[in-house]
Amino acid sequence: MAASLRLLGAASGLRYWSRRLRPAAGSFAAVCSRSVASKTPVGFIGLGNMGNPMAKNLMKHGYPLIIYDVFPDACKEFQDAGEQVVSSPADVAEKADRIITMLPTSINAIEAYSGANGILKKVKKGSLLIDSSTIDPAVSKELAKEVEKMGAVFMDAPVSGGVGAARSGNLTFMVGGVEDEFAAAQELLGCMGSNVVYCGAVGTGQAAKICNNMLLAISMIGTAETMNLGIRLGLDPKLLAKILNMSSGRCWSSDTYNPVPGVMDGVPSANNYQGGFGTTLMAKDLGLAQDSATSTKTPLPIPLTLAHLLSIGGSQFPPPDSSACARELERRSQRVKNP
């Protein structure tokens, strides 16, 4: 199973939930008994830029945590706060029947679930396993099959909103899985996000996330190119951003996450492109979009070009935020004589 998974490179029945429109708790009970479960320990695996603040928001809502990360230092502040740290994903599964994983790649997810010390080694029947990683939809489907064999439930629930939304608890979750388990999942996901959307069967959450991140990459690089051109034409970058954000070119990359230093505070471009969503991860997601396009015979010429530009920063450590494409465009412009 694990070996076959490693070879693996819009949804119907849409349901939408937001914190502002949250149903009464009593309406969840008829759907799944787990939806009214007390705040028993929740397992959390993966404490990177996104997983760390997500886990903290669960703590803020009163959930004790069973923590694991491949890098022990990532667990220290949780241990200092009194949370339980264990030595493997299997140990998390032994101690918690609700587990959230937040991992960088398909390979990491496969190892966490199906590896020698993976979740499936000790998972309890009836457990709810929620994977918020962004991975290949085909991998999510295969993991779901293996989890089902163990008598447990798997749901894919990738996120959007970036580190800022993870910290503030305003993420958007795109959820795929058995619809009857959606209420149980949103009990936890609602502690970390303001929007929880049911997309359909397992894998549809990943499909929605891949499409979203493809559009994000396109708009981020488009914003970077636009800002670079405007600056070279003599426009003040703050003025240009203001104009864009009151005009038809406005997008998240221009008004919330502008990639040009000096335009906005509190974003990676204001911090030498550190933190945020790394270029390597964005390039990975574009690769997932390209793989999905190939498998569905969908023409998709843009992602290959974008992935090349984003991968330039991949040799740096830590990898810069994906908005660093603006810095690369500026460097290329400096190698060309001004008109």
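The values are calculated or read from the model by the stated rules, or taken from the named source; none is laboratory data. Keep in mind that what you see is a predicted model, and the values were worked out from it rather than measured. Every residue, glycine among them, receives a Cβ derived from its backbone with ideal geometry; neighbour counts consider all protein chains shown. Just the protein is used for accessible areas: all its heavy atoms, side chains included, with ligands, DNA and RNA removed. Shrake-Rupley method; radii C 1.70, N 1.55, O 1.52, S 1.80 Å.
Of the conditions (1) closer than 18 Å to M155 by Cα; (2) at pLDDT 95 or above, N52 fails just one. Which one is it?
Tallying (1) closer than 18 Å to M155 by Cα; (2) at pLDDT 95 or above, N52 fails exactly one: (1).
Quick check on my filter: what residues within segment 274-294 are touching a Cys at 6+ places or on another chain (Cβ under 8 Å) and closer than 18 Å to G205 by Cβ?
A289
Do you know which residues across segment 179-193 are assigned to a helix (DSSP H, G or I) and under 20 Å from G161 (Cβ atoms)?
Passing the criteria: F182, A185, Q186, E187, L188, L189.
Among the listed residues K209, K242, which satisfies the condition of being of a type in the set (K, R) and closer than 25 Å to G287 by Cβ?
Going through K209, K242 in turn, the sole match is K209.
Only residues that are within 22 Å of the chain's Cα centre (by Cα), farther than 15 Å from G176 by Cβ and surrounded by 24 or more Cβ atoms within 10 Å (Cβ to Cβ): list them for segment 111-145, please.
Selection gives A112, Y113, I119.
Can you tell me which condition D69 does not meet? The list is (1) open to solvent by 30 Å² or more (accessible area, probe 1.4 Å); (2) of a type in the set (D, E); (3) farther than 21 Å from S292 by Cβ, and all the others hold.
(1)
What about E181, is it over 14 Å from the mean Cα position of the chain (by Cα) and within 14 Å of D131 (Cβ to Cβ)?
Yes: the conditions hold for E181.
For (1) open to solvent by 70 Å² or more (accessible area, probe 1.4 Å); (2) in the same structural domain as I135 (by the TED database); (3) modelled with pLDDT under 75, each residue gets a yes or a no:
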site	(1), (2), (3)
N271	yes, no, no
L281	no, no, no
K284	no, no, no
L288	no, no, no
S292	no, no, no
L300	no, no, no
L310	no, no, yes
G314	no, no, yes
F317	yes, no, yes
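Based on this model, can you work out whether E148 counts as acidic (D, E), surrounded by fewer than 18 Cβ atoms within 10 Å (Cβ to Cβ) and out of contact with any strand residue (DSSP E or B) (no Cβ under 6 Å at 6 or more places or on another chain)?
So E148 passes the test.
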